[in-house]
Structures are given as C-alpha cells and as structure tokens.
Amino acid sequence: MSDYTTIIAETQGRVATITLNRPEALNALNGTLVRELIDAVQGFDDDPGIGAIVLTGSAKAFAAGADIKEMAELGYADMYLDGPFPGWGGFERTRTPLIAAVGGFALGGGCELAMMCDIILAADTAKFGQPEITLGILPGFGGSQRLPRAIGKAKAADLVLTGRMMDAEEAERSGLVSRVVPADELLAEAAKVAEAIASKSLPAVYAAKDALQAAQEMPLAEGLRFERQAFAAAFATADQKEGMRAFAEKRTPDFRHR
Ligand code: CO8
C-alpha cells in the first residue's frame, strides 16, 4: 500500500480511507491514479475486516475529472478499450459501501467517481459538474446515465449540455448528495457515517447494498422479488439472530459478520 504514488490508503479499525493525492493536477484521474485506486479498493473489498471505505480528495478538489492532457491525443480504439483506465469497471463491482467525501471540485470523471459511491457527503465548498461538453466530448464514466437517475432528466440535461457547475446546496436540493457539512467537518462526518455502517453486520450491509443497486437497475416488480429473497436470506445468518436477540435484551448487538 505504501508504494502508491497518487493515492494514500489508510485504515482505522473497520474503516478504510483512500485519499486522492495529485495536488498538482487537482486530483485529475490519470492511468496511474485509476490503477492504484482500483487496486486499493479491491484490496479493502477483499478484506472482511473492512466494513466501509471513505473516498476523498483535497480541500480544493475531490477530482477535477479524467486527466485531459493524458487523453488529448488518444483515438477511438484507445478509448473504446478504456484508454488509460483499463479495468476501471472493477470499481463499481465493490461490495463494501463506499462513501465519497467531496470538498471542492468534483467534475467530469470526478463527479462520476463520486456517483459510483453509495453515499456522497459534500463540504459546503463542493462543486459538481459534467463539463465534458466544453471539451468537445460527453461524459464517459457513466455520468449521462447516473446523473439523470440521481437528479432527474431536467437538471441532468442542464448540467451535461451546458457544462455548468452546481454548488453543494444545489446538489443537496437535487438529491445528488445526502448531506452538506462545513468543510472542516467533512472528514469527521464521513468517518462517523463509515463507522456507523462498519459496525453493522457485513452480510446484511452487502445485501442492503445489492438491493439498493437493484432499485437502480431493475423494474419495480423484479426489484421487489429480489428484495423478498434477500430479506428471507438474512434470516439464515447468525447476525440476524444476534441483532434481534440484542434488541429484546436491550443491549448492543455483537455482530460476527456471519
Ligand atoms: N486534467 C488534467 N489537468 C488538470 C485537470 C484535468 N481534468 N484539471 C485541472 N488540471 C490541472 C491544470 O491544468 C493545472 O495544471 P498546471 O498548473 O500545470 O497548468 C492545475 O491542475 C490547476 O488547475 P487550474 O489552474 O485550472 O485551477 P483553477 O482553480 O483555475 O480551475 C478548474 C479549476 C475549474 C477545475 C479547472 O482546472 C478545470 O476546468 N479543469 C478541467 C475540468 C474538466 O473539464 N473535467 C472533465 C475532464 S474530461 C472527463 O472527466 C471525462 C471522463 C470520462 C473518461 C472515460 C474513459 C473510459
């Protein structure tokens, strides 16, 4: 982990934190950063000792998008083969909940990266946008699909077609972020959310994340069937017994993640 050059990966108890760290380029996502990010995320995801992952950047930028200078001279085949980002789809297969703690710019691929996370917390300094149109391209990390699902077609079209930014308050009002906090409280708030998730039963958290994901992808009837199965399956875990017994006995559950 310590060999990373563009990210910092740390753990505290059951919470992992990954900090994007290319300050000279406002954390623009280049090939190295994306490779290191996926490696770190997958490593944490494979570790049952980790129950939540916080992804953050600097006070000035979560990430100002894919690295424009790295992409500028690439062609169709380069990009269709995922250009400088082979394997980036691995990020969205993560089962451990991801919390994006966004301060400053989250633009283009940076906004899309935040949207690949389960929860977005924003500092009051955050600015979100899909400015690709100003570069003669369009979103390519899922922005044209996830943004309308997150905030509706009207506002998504406003952002994607004009390239304008929206501030944290507008992002919260639109439903893109779950809460806005003062910039100097962002990391503490993200840690609190992550610890709350990481203290729960890991199988229940995975199943809840799967069900929320299903809601994004499936028609309602199919999603409800998925939930019914997942709900029943939760009763096969020891943690369900522990959680319900602890409630009846008025004590904190001791989840074993089994
Ligand atoms: N790529 C490369 N370098 C960047 C990027 C970027 N996205 N953003 C900022 N930088 C660099 C600047 O070039 C500058 O470097 P230098 O000092 O060497 O000139 C440094 O970071 C600081 O930036 P600024 O001086 O521009 O800082 P400002 O505070 O004046 O402006 C902005 C901040 C408004 C964020 C401005 O930097 C900006 O507009 N950045 C570009 C934002 C953008 O267009 N993002 C979208 C990129 S395209 C994309 O994300 C597509 C993703 C899909 C890929 C799919 C692959 C399969």
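The values are calculated or read from the model by the stated rules, or taken from the named source; none is laboratory data. Note that this is a predicted model, so its numbers are computed, not measured. Counting neighbours? That spans all protein chains shown, and the Cβs are built from the backbone with ideal geometry, glycine included.
Couple of notes before you dig in:
- Test: residue in the range 77-98 that is at pLDDT 95 or above, more than 25 Å from A208 (Cα to Cα) and either in contact with a Gly (Cβ under 9 Å, 6 or more places away or on another chain) or more than 12 Å from the ligand (Cβ to nearest atom) (or both): no
- Options A191, A208; residue that is hydrophobic (A, V, I, L, M, F, W, C) and within 21 Å of R146 (Cα to Cα): A208
- Qualifying residue in the range 180-194 (condition: surrounded by fewer than 13 Cβ atoms within 10 Å (Cβ to Cβ) and either part of a loop (DSSP other than H, G, I, E, B) or in contact (Cβ under 8 Å) with a residue 40 or more places away in the chain (or both)): yes
- When residues of the range 126-164 are limited to those that are within 12 Å of the ligand (Cβ to nearest atom) and hydroxyl-bearing (S, T, Y), the one surrounded by the fewest Cβ atoms within 10 Å (Cβ to Cβ): T134
- Any chance G49 is surrounded by fewer than 24 Cβ atoms within 10 Å (Cβ to Cβ) and in a helix (DSSP H, G or I): no
- For the criterion of being assigned to a helix (DSSP H, G or I) and touching a residue at least 40 places away in the same chain (Cβ under 8 Å), E169 passes.
- Within the range 12-36, tally of residues that are part of a strand (DSSP E or B) and over 17 Å from the mean Cα position of the chain (by Cα): 1
- All conditions in (1) in contact with a Gly (Cβ under 6 Å, 6 or more places away or on another chain); (2) more than 8 Å from the ligand (Cβ to nearest atom); (3) of a type outside the set (K, R) hold for A171, with the sole exception of (1).
- Within the range 45-58, the set of residues being closer than 19 Å to M115 by Cα and either hydroxyl-bearing (S, T, Y) or away from the ligand (no atom under 12 Å from the Cβ) (or both) comprises D45, A52, I53, V54, L55, T56, S58.
- Of all residue pairs spaced 6 or more apart or on separate chains, those with beta-carbon atoms under 9 Å, a first member in the range 9-35 that is free of Cβ contacts under 8 Å to residues at least 12 places away in the same chain and a second member that is crowded, with 21+ Cβ neighbours inside 10 Å are E10/A16; E10/T17; E10/I18.
- Summed over the range 199-236, the residues that are without any contact (Cβ under 8 Å) to a residue 60 or more places away in the chain, touching a Gly at 6+ places or on another chain (Cβ under 9 Å) and among the polar types (S, T, N, Q) give a count of 1.
- Just one of the listed residues (V34, V15) is under 20 Å from S199 (Cα atoms) and either crowded, with 19+ Cβ neighbours inside 10 Å or hydroxyl-bearing (S, T, Y) (or both), and it is V15.
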